[in-house]
1. Would you pick out the residues in region 115-166 that are in a helix (DSSP H, G or I), more than 16 Å from the ligand (Cβ to nearest atom) and in contact with a strand residue (DSSP E or B) (Cβ under 7 Å, 6 or more places away or on another chain)?
2. Among residues belonging to region 12-27 that are more than 21 Å from His76 (Cβ to Cβ) and not in a helix (DSSP H, G or I), point out the one that is nearest to the ligand (Cβ to nearest atom).
3. Working only within region 206-233, note down all residues that are surrounded by fewer than 22 Cβ atoms within 10 Å (Cβ to Cβ), touching a Ser or Thr at 6+ places or on another chain (Cβ under 8 Å) and not in a strand (DSSP E or B).
4. Residues in region 336-351 that are at pLDDT below 95 and in a helix (DSSP H, G or I): how many?
5. Out of all the residues in region 100-114, is one or more over 19 Å from the mean Cα position of the chain (by Cα), away from the ligand (no atom under 16 Å from the Cβ) and closer than 25 Å to Gly296 by Cβ?
6. On the given criteria, is Arg292 closer than 28 Å to Leu150 by Cα and either free of Cβ contacts under 8 Å to residues at least 24 places away in the same chain or in a loop (DSSP other than H, G, I, E, B) (or both)?
7. Anything in region 64-99 that is near the ligand (Cβ under 8 Å from one of its atoms) and acidic (Asp, Glu)? List them, or say none.
8. Of Glu253, Glu265, Glu257, Glu284, which residue is in the same structural domain as Ala138 (by TED's automatic domain parsing) and in contact with a Gly (Cβ under 8 Å, 6 or more places away or on another chain)?
Amino acid sequence: MPPVKATVVGLGDVGRLHAELIAEMPEYELVAVADPDRGARESLPVGAAARCEDLPEALERASPDVVVVATPPATHASAVGAALRAGVHVYCEKPLALLAAEAALLVGQARERRRCLHVGMQWRHRPGYAEAREAIAAGAIGEVRRCELLACDWYRSTRHYSRRSWRGRWAGSGGGVVMSQAIHELDVLCWLIGEAVEVQAVIGRAREGVEVEDQAVADIVFARGTTGRLVARSTDFAGTGVLLLHGDRGTIELTRERVRSVISEVPIEKASSATRRTDGILGEVRPPPSLRVLLGASHRAFLRSLEDPHAEHGESARESVRTLELVNGIYYSALRGELVKLPVAAGDYSRLLDELGRGTVRVARTGPGYLPSIRPAPDG
Ligand SMILES: NC(=O)c1ccc[n+]([C@@H]2O[C@H](COP(=O)([O-])OP(=O)(O)OC[C@H]3O[C@@H](n4cnc5c(N)ncnc54)[C@H](O)[C@@H]3O)[C@@H](O)[C@H]2O)c1
């Protein structure tokens, strides 16, 4: 097979990594890169690839087979739409769009045009995660009843926000720790146990100078009846992250570097202190794989899906719509102060995002650990 001709649009922190990987992979030929920032496009060693100012120029000059979209989040939907209209397959960095409804439209467009639309949800390639999915589907821990997701291994400094004007702003990023970081773990959660149907959340902001939340707590109900709680923070310098899934027969624990299972020999409701349990490791790599390694795995999944855009290859855009519905629902619940049935109506969410962008709705500034839901109840 001739190499797949690829273009990378957006040459910031992550786009450069994509361009370097593509240049190294024999399955690809890097034919163009695009960024309005001259310094960004001139400083990258890209061999014979065309250096362009924007996506239309790259499409015109290089006629790529695929476009990798690594521009700021608020620009993803229009870039993906333009690439699909040009008949090109797309690998889009997360999130596919700021609104789940917008993402669903793009998925529909890709299907109609028989183009592959892949969203960079590369956490699914962490060690043991695919094995965990298989084990859960095969009933290894029985029906999953409860889950806890602690997504606090995401410390972000003041400089992280100040380096880029879109970070920390609702209009540019669509949200803070939930939309920009914990979305990876929420994607894994929905991938493992299916979509969420109901959520009640609170969000808060410890950091000065940003609009978006840097801490969140959400209670979530999933379609198959699993209930769970998310705690996400980007404020903890030495925070931690773990996803625990508890079923009728045992527990699976997923971290960045390992998946562990504990399975009871009898259903847990019949277990006693004498019940035998089997501990297993479904996958482990220490130290955990780097972003570069995970992006490489994600590109290989994308290349496999080019052979059949509708086959299930591990990071489908359709699934990331479900994750966005949950992310949008968390914000809607927290900011409107209500229990939310998912998905939130597109018009309602779009109005909220507009109000957030204009600053007429704000995330309350709360000290870490002082989210409204975990304040002590008043006496009596
Ligand atoms: N998968 C991951 O783990 C991961 C990690 C970090 C960031 N991301 C995502 O990658 C995307 C980029 O993040 P980043 O941190 O690299 O951002 P960045 O700000 O470092 O880079 C964005 C680049 O896009 C360029 N750009 C802006 N508008 C453009 C346009 N219309 N056409 C072409 N180029 C344009 C900017 O000049 C800049 O060079 C974001 O969506 C982010 O959420 C994903």
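1. Across region 115-166, the qualifying residues are Glu131, Ala132, Ala135, Ile136.
2. So the residue we want is Met25.
3. Hits for region 206-233 are Ala206, Arg207, Gly209.
4. 1
5. Start the filter on region 100-114 by keeping residues that are over 19 Å from the mean Cα position of the chain (by Cα), which leaves 108-114.
Imposing the further condition that a residue be away from the ligand (no atom under 16 Å from the Cβ) reduces the set to 108-114.
Okay, now just the ones that are also closer than 25 Å to Gly296 by Cβ, so 110.
Yes: one or more hits.
6. Details: closer than 28 Å to Leu150 by Cα: yes; either free of Cβ contacts under 8 Å to residues at least 24 places away in the same chain or in a loop (DSSP other than H, G, I, E, B) (or both): no.
For Arg292, the condition - closer than 28 Å to Leu150 by Cα and either free of Cβ contacts under 8 Å to residues at least 24 places away in the same chain or in a loop (DSSP other than H, G, I, E, B) (or both) - is not met.
7. Listed by number, the list holds a single entry, Glu93.
8. Glu284 is the lone residue from the list that is in the same structural domain as Ala138 (by TED's automatic domain parsing) and in contact with a Gly (Cβ under 8 Å, 6 or more places away or on another chain).
The values are calculated or read from the model by the stated rules, or taken from the named source; none is laboratory data. Everything numeric in this text was worked out from a predicted model, so none of it was measured. Reconstructed Cβ throughout: ideal geometry from the backbone, glycine too, with neighbour counts over all protein chains shown.
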